[in-house]
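Data first, discussion second: the structure below is written as structure tokens.
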Amino acid sequence: MSKIAVIGLGNMGGPMAANLVKAGHEVTGFDLAPGAISEARGAGITIAASAIEAAKGADVIVTMLPAGKHVRAVWGDLASIAKRDALLIDSSTIDVESARAVHALAEKAGLLSVDAPVSGGTGGAKAGTLTFMCGGSEAAFGAAKPVLEAMGKKIVHCGGAGAGQAAKICNNMILGISMIGVGEAFVLAEKLGLSHQALFDVASTSSGQCWSLTSYCPVPGPVPASPANNGYKPGFAAQLMLKDLRLSQEAAGAAGASTPMGALATQLYAIFAASGEAGTDFSGIIEMLRGEG
Ligand code: NAD
């Protein structure tokens with residue numbers, strides 16, 4: 001059992017902290033939002049008056065915050081007060097540059113640190129089946145793994161500082177692009193008089209096969225659990241996809257990588273989100289492609 005502080009008890013951090021409690025850890029949390037606090041309290045998390053109070057004496061500090069600027073601010077406050085041998089884990093999805101900056105902050109303070117963004121969404125956070133993509137030293141990853149196992153099913157060490165965030169945005173750039181590709185194929189099939197099921201049956205067992213088609217099909221019918229069968233209720237909201245695509249483009253710009261399809265997908269999701277669909281599941285972009293968005 002470890003003493004764990006969780007800073008950021010929102011849609012993801014709240015259920016992740018609850019799973020740490022279920023695994024027998026002593027969990028203290030902090031959030032700025034009263035709603036998140038009361039829900040976390042109900043799940044057995046002790047609520048502190050500030051992030052600093054939550055982190056004092058903790059063996060492990062987990063942050064699950066909206067963006068890089070929040071993580072930089074919170075780690076900036078905590079690095080100097082954390083226990084000498086404490087481990088810092090950031091599971092937020094943030095820019096690679098901020099991830100590397102907070103690793104450096106931790107290293108300067110003599111602390112182990114891991115960037116460990118997740119995939120699996122709120123469903124995976126509740127079920128404890130998240131995938132963690134980790135960046136950091138072997139020693140930091142080794143220390144983080146048993147903690148992450150209480151919240152996830154697959155824990156992957158991707159490399160040094162920032163490698164987890166790099167893996168996350170590369171994966172989600174594939175996802176954003178592939179969802180648009182699958183959506184366009186269904187829209188074309190409709191115009192050609194080909195049924196959704198016929199396209200699915202062929203493409204799902206042919207070279208067009210991909211996760212956006214076979215696990216998250218953007219038209220109702222072929223994959224009963226996909227958000228298309230539920231009015232495109234998220235799932236994974238378009239605004240979160242847009243956030244990740246923007247991070248991919250920021251990283252591509254900084255690294256000098258050419259990602260024209262990623263750039264176009266970013267533009268299309270920006271248009272979709274700005275049209276009042278920011279909270280719609282990202283697969284709902286098919287309606288915009290069809291001219292109905
Ligand atoms: P959320 O907005 O529900 O939760 C973030 C929480 O952080 C909020 O409750 C907010 O009050 C709190 N917060 C902000 N600044 C703070 C501070 N200084 N101190 C303490 N608390 C603070 O967001 P979420 O859906 O839980 O996502 C968290 C992170 O996980 C994001 O980086 C997101 O991109 C990533 N993520 C989300 C999903 C998803 O499906 N929701 C999936 C994968 C990754």
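The values are calculated or read from the model by the stated rules, or taken from the named source; none is laboratory data. These numbers come from a predicted model, not from an experiment. All Cβ positions, even for glycine, are placed from backbone atoms using ideal geometry, and neighbour counts span all protein chains on display.
What the table shows:
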{"read-out": "Total residues in the stretch 209-236, condition away from the ligand (no atom under 16 Å from the Cβ), surrounded by 17 or more Cβ atoms within 10 Å (Cβ to Cβ) and assigned to a loop (DSSP other than H, G, I, E, B)", "value": "6"}
{"read-out": "Count of the stretch 15-28 residues which are more than 9 Å from the ligand (Cβ to nearest atom) and either under 19 Å from VAL74 (Cα atoms) or modelled with pLDDT under 95 (or both)", "value": "3"}
{"read-out": "Selection status of LEU148, under 30 Å from LEU289 (Cα atoms), buried (at least 18 other Cβ atoms within 10 Å of the Cβ), under 25 Å from the mean Cα position of the chain (by Cα) and not assigned by TED's automatic domain parsing to the domain that holds MET12", "value": "no"}
{"read-out": "Output for the stretch 1-27, where each listed residue is buried (at least 22 other Cβ atoms within 10 Å of the Cβ) and touching a helix residue (DSSP H, G or I) at 6+ places or on another chain (Cβ under 7 Å)", "value": "ILE4, ALA5, VAL6, ILE7, LEU9, MET12, GLY14, PRO15, MET16, ALA17, VAL27"}
{"read-out": "Condition met for GLY183 (more than 21 Å from ALA116 (Cα to Cα) and crowded, with 18+ Cβ neighbours inside 10 Å)", "value": "yes"}
{"read-out": "Any hit, the stretch 2-14, residues being within 13 Å of the ligand (Cβ to nearest atom), part of a loop (DSSP other than H, G, I, E, B), farther than 30 Å from ALA252 by Cα and of a type outside the set (D, E, K, R)", "value": "yes"}
{"read-out": "In the stretch 121-143, the residues that are within 14 Å of the chain's Cα centre (by Cα) and without any contact (Cβ under 8 Å) to a residue 40 or more places away in the chain", "value": "GLY123, GLY124, THR129, THR131, MET133, CYS134"}
{"read-out": "Some residue of the stretch 107-116 being assigned to a helix (DSSP H, G or I) and in the same structural domain as ILE61 (by TED's automatic domain parsing)", "value": "yes"}
{"read-out": "Qualifying residue in the stretch 76-91 (condition: surrounded by fewer than 24 Cβ atoms within 10 Å (Cβ to Cβ), in a helix (DSSP H, G or I) and of a type outside the set (A, V, I, L, M, F, W, C))", "value": "yes"}
{"read-out": "Selection within the stretch 237-260 - away from the ligand (no atom under 16 Å from the Cβ), hydrophobic (A, V, I, L, M, F, W, C) and either assigned to a loop (DSSP other than H, G, I, E, B) or closer than 26 Å to PRO218 by Cβ (or both)", "value": "ALA252, ALA257"}
{"read-out": "Qualifying position, being within 23 Å of GLY8 (Cβ to Cβ) and touching a Phe, Trp or Tyr at 6+ places or on another chain (Cβ under 7 Å), among LEU148, LEU199", "value": "LEU148"}
{"read-out": "From GLU287, GLU292, GLU277, residue being modelled with pLDDT under 95 and charged (D, E, K, R)", "value": "GLU292"}
